[in-house]
Amino acid sequence: MHHYQIAIIVGSLRKDSFNRKLASAIVKLAPSDFSLTMVQIGDLPLYNQDDDENPAEPVRRMKQEIQAADGILIVTPEYNRSIPGVLKNALDQGSRPPGQSVWAGKPAGILGISPGAAGTAMAQQHLRNVLSFLDVSVLRQPEAYLQVREGMFDDAGNIGEASRKFLQNWMDHYIAWIEKHGEQ
Ligand code: FNR
């Protein structure tokens, strides 16, 4: 049986990030033949095309981690109706130099949570745009736009009762999406 490795990227560097909590909690909804591991992006330098031939160590590390993964899971906040700069920076870093993108052909899923009612919908739409150009196959349905609510997470950091069924359904579809790509 193949053991799937999933690289999780969180689009927030904030210590108490809701999106980081969501990423940590949703890992527990995955089956045992999946390992989901967070990839750090906070130590990446700002992308500079001059560095393409000699990328910084954190860039090399991140690219290796993505390359080794069977799939990607991006969990991101919405900043000013788009994706945070740190996430775009990571996507740019991984996409260069030409012909050496680590994103191409990877299957992915995207999630996001916000205190706002629109639940990161616009950021996710922008992210789909970028990932489409990077030749990443993003799970289309179900979509998951989550609003921070009382009881979203329990004291142990699990998904709270009210959202568990919805997110388990999302995870089941995501797992099937990754497996389907693995068979191709
Ligand atoms: C925000 N926030 C926000 N929320 C939203 O729903 N739509 C938006 O466009 C924005 N814009 C925005 C810009 C900037 C610069 C910041 C710092 C914040 C609020 C945001 O959803 C909130 O701070 C979340 O808690 C951020 O996610 P993490 O860090 O908790 O994962």
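In order along segment 29-34, phi translates into HN-Hα couplings of 8, 8, x, 6, 8, 10 Hz, rounded to whole numbers, per the Karplus curve 6.51 cos²θ - 1.76 cosθ + 1.60 with θ = phi - 60° and x for Gly and Pro. Short to long, the 5 Å bins of the Cα pair-distance histogram for segment 115-184 hold 3, 14, 18, 22, 20, 13, 7, 3, 0 percent of all pairs. In whole percent, what relative contact order does segment 4-183 give with Cα contacts below 8 Å and a gap of six or more residues? Across segment 4-183, relative contact order equals 24 percent.
When only alpha carbons are used to place a centre, segment 104-136 and segment 144-184 end up 15 Å from one another.
Percent of Cα pairs in the chain per distance bin of 10 Å, from zero to the largest separation: 9, 39, 37, 13, 1. Can you compute the label reach from N54? Point 7 Å from Cα along the Cβ direction, backbone N cut-off under 17 Å, restricted to segment 93-122. Only 97 fall inside the zone, counting backbone N under 17 Å. Amide H contacts of L111 (H built 1.01 Å from N, in plane; Pro and chain starts excluded): I74, V75, T76 sit under 5 Å, all sequence-distant by 5 or more or on other chains. Axis angle, to the nearest 10 degrees, between helix 161-183 and the longest C-alpha principal axis of the chain: 40 degrees. Stretching the chain fully between D16 and E150 yields a gain of 46.7 nm (0.36 nm per residue, less the alpha carbon separation).
Result for the chain in a Gaussian network model with C-alpha springs under 10 Å: among G160, G116, G11, the largest mean-square fluctuation is at G116. Taking 1.567 mPa s as the viscosity and 4 °C as the temperature, the Stokes-Einstein diffusion coefficient of segment 56-118 based on its alpha-carbon Kirkwood radius rounds to 100 µm²/s.
Computed extension length for D33-Q100: 21.2 nm, one decimal, from 0.36 nm per residue of separation with the Cα-Cα distance subtracted. The label-point distance for A117 and H2, in a model that sets each label 7 Å from Cα toward Cβ, rounds to 4.3 nm.
Helix content alone sets the calculated 222 nm mean residue ellipticity of the chain: runs of n ≥ 4 DSSP H residues at -39500 (n - 2.57) each, divided across all residues, give -11500 deg cm²/dmol. Taking amide H as placed 1.01 Å from N in the peptide plane, M38 has its amide H under 5 Å from the amide H of I8, each at least 5 places away in sequence or on another chain.
Taking every lysine pair in the chain that is 8 or more places apart or spans two chains, those with Cα atoms closer than 26 Å amount to 17.
Throughout, read-outs are computed from the coordinates displayed, never taken from laboratory work. Just so it is clear, the model here is predicted, and its values are computed rather than measured. Glycine also receives a Cβ, built like all others from the backbone with ideal geometry; neighbour counts cover every protein chain displayed.
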